[in-house]
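Trainee: One structure is given below, represented as structure tokens, and several questions about it will come after.
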Amino acid sequence: MRRLVRMALVGTVTLGSLLSGAPASAVDGARPGGYRPEPWRTWVQEEWTAPAGRYCSFPLQVRVVDQDVRVRVVARYPDGAVRREEFAGPLVVDFVNVDTGRSARRDAGGSGAADHRPDGTWSRYTIVGPAGFGFRPGDHHPRGYYLLDGLHVITFDADGTRRLAVAVGEQENVCLALGD
């Protein structure tokens with residue numbers, strides 16, 4: 001199943017490059033003399049705490065247990081700004097209900113592709129999970145912090161509102177697992 005989902009991501013990213021106007025070589029790197037992805041570099045997932053009400057009814061903390069995440073730019077706008085970047089690598093985190101101390105350890109080490117608008121804001125995030133992602137009040141998906149496993153595409157309206165546009169696979173709202 002995971003292999004099928006990864007193949008679907010490649011197709012989605014390639015199709016996404018066609019729809020967004022990025023050259024196919026920015027994604028596949030196969031054209032001689034074409035754009036090649038930049039080298040992978042280390043990316044560090046910082047620990048964070050969201051206030052009560054943002055994702056869960058309680059303050060939600062994410063503590064990193066283990067990570068070896070990397071990122072690379074696969075497409076740039078003509079002015080050099082990042083158009084698309086890929087994330088991959090192992091990541092294990094503890095989700096913690098700050099009020100009760102209850103925690104849940106999860107593998108969040110999937111892969112993803114972030115598409116940026118020319119102003120740097122995200123327009124789309126494609127996940128081949130497992131990976132975590134939060135939806136807030138006002139988003140077009142029930143509030144919660146989700147562990148998404150499978151193929152999921154989140155789109156961002158210009159005002160920052162988030163939508164779950166594609167959902168193939170599992171969605172675990174960790175807020176529920178922690179007592180919401």
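Trainee: Pairs needed: first member in the stretch 133-147, in a strand (DSSP E or B); second member anywhere, among the charged types (D, E, K, R); C-beta distance under 6 Å; at least 6 residues apart or different chains.
Mentor: Phe135/Arg143; Phe135/Arg162; His140/Arg163; Leu147/Arg106; Leu147/Glu172
Trainee: Could you please find all residues in the stretch 143-180 being under 18 Å from Arg106 (Cβ atoms) and polar (S, T, N, Q)?
Mentor: Scanning the stretch 143-180 gives Gln171, Asn173.
Trainee: Could you check the stretch 83-134 and list, in sequence order, the residues that are polar (S, T, N, Q) and within 15 Å of Ala165 (Cα to Cα)?
Mentor: The answer is Ser123, Thr126.
Trainee: Which condition breaks for Arg36 when tested against (1) modelled with pLDDT under 95; (2) not in a loop (DSSP other than H, G, I, E, B)?
Mentor: The number of the failed condition is (2).
The values are calculated or read from the model by the stated rules, or taken from the named source; none is laboratory data. Everything numeric here is computed off the predicted structure, so don't read it as measured data. Neighbour counts run over all protein chains shown; Cβ positions are idealised from the backbone, glycine included.
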